[in-house]
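For reference, the structure I am asking about is given below.
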Ligand SMILES: [Fe+2]
C-alpha cells in the first residue's frame, strides 16, 4: 500500500518540487508561488495517501493545494483527482475532461493498471495559451495532442522548466500513440515544444533531463520513423489486396489493453 512508501520529494528549482511516482504512478510536480500552490498530476487512485505524505514533508496538506492540473486522462496521472477534487479546483484539457467525466475505461487505460476510475467533473477546462498565475510562477498550457487527444504540457517561463506528462521523456522516449492519440499530431506537438527555451524537462516517468532539445529531436525522429512504418504497412496492404482486416484485428487487440 502506497501510504507505507517513503515519500520521495526532490526540490528541482525555487518553488518547484518533484514527487516521485509511487508504484506505477506518474510523477507529480508541485509549484508553490507567492499566492497559490498548484499540483500537476495526481497518480493512481490507490496512491493518494503517498501524495499526502509527500505534501506533508513540505508542511502542506491537500487543502493547501489551490489547483490540480492534469496533463492527460490516463489513470496513472489522473486517477487520484477525485480525492483532490473534494478539496481544490481541478483543471484539464476539454478533451481529457470529457473522458474523465464519463470514467471512460478504454481511454483512461484502467485495465492496463488494474485500477478502477471514479467519474468526476473537471472544474476548469484549459487550452493552448491558458496561463495560471501563482505569484512569481506562471503555468503556461501548451496543448500537445499525440500521446492522446487531451494531452497538455506546462511551461514555467520563470524557471524554464517543462512538465511534459507522457509527451516526451529523457532520452527522447515518447509515451506512445495511444487510443485517442495520433502520430501526426504528436510530431506537430514536439515541433512546437522545440521552440521553447527549456532548461529542465520534467517528465511523467523516468529521470529529469537537462537536455530537452536533444530529447525532443530524438522523440520527433522516432515518431517520424513510426509514420514511415505505417506508410510501408498501408502500401503492403494495397499490394497484397488483403484489405484492412489485419489492421482491424490490431485495433481489437489494442482494445484488450
Ligand atoms: Fe499516458
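Quick grid of which residues meet (1) farther than 22 Å from residue 154 by Cβ; (2) surrounded by fewer than 19 Cβ atoms within 10 Å (Cβ to Cβ); (3) away from the ligand (no atom under 16 Å from the Cβ); (4) more than 13 Å from the chain's Cα centre (by Cα):
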site: 41; (1), (2), (3), (4): no, no, no, no
site: 55; (1), (2), (3), (4): no, no, yes, yes
site: 59; (1), (2), (3), (4): yes, yes, yes, yes
site: 72; (1), (2), (3), (4): no, no, no, no
site: 108; (1), (2), (3), (4): no, no, no, no
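Does residue 92 count as closer than 22 Å to residue 62 by Cβ, modelled with pLDDT of 95 or more, within 14 Å of the ligand (Cβ to nearest atom) and part of a strand (DSSP E or B)? Walk me through how you get there before you give the answer.
Numbers: closer than 22 Å to residue 62 by Cβ: yes; modelled with pLDDT of 95 or more: yes; within 14 Å of the ligand (Cβ to nearest atom): yes; part of a strand (DSSP E or B): yes.
Judged against the criteria, residue 92 is a match.
Turning to a different aspect of this structure: Which pairs do you get when a residue that is closer than 14 Å to residue 108 by Cα, found in segment 175-196, comes within reach of a residue that is away from the ligand (no atom under 15 Å from the Cβ), reach meaning Cβ atoms under 6 angstrom, with the pair 6+ apart or on two chains?
Close Cβ pairs satisfying both conditions: 177/183.
Pick from 223, 178: which is modelled with pLDDT under 95, in contact with a helix residue (DSSP H, G or I) (Cβ under 9 Å, 6 or more places away or on another chain) and over 29 Å from residue 13 (Cα atoms)?
Numbers: 223 fails: modelled with pLDDT under 95.
Answer to the selection: 178.
Okay, next question. For segment 162-182, which positions are away from the ligand (no atom under 15 Å from the Cβ) and surrounded by fewer than 24 Cβ atoms within 10 Å (Cβ to Cβ)?
Of all residues in segment 162-182, those away from the ligand (no atom under 15 Å from the Cβ) come to 162, 170-172.
Of everything in segment 162-182, those that are away from the ligand (no atom under 15 Å from the Cβ) and surrounded by fewer than 24 Cβ atoms within 10 Å (Cβ to Cβ) turn out to be 170, 171, 172.
The values are calculated or read from the model by the stated rules, or taken from the named source; none is laboratory data. Please read all numbers here as calculations on a predicted model, not as lab measurements. Using ideal geometry, Cβ is built from the backbone for each residue, glycine included, and neighbour counts are taken over all protein chains shown.
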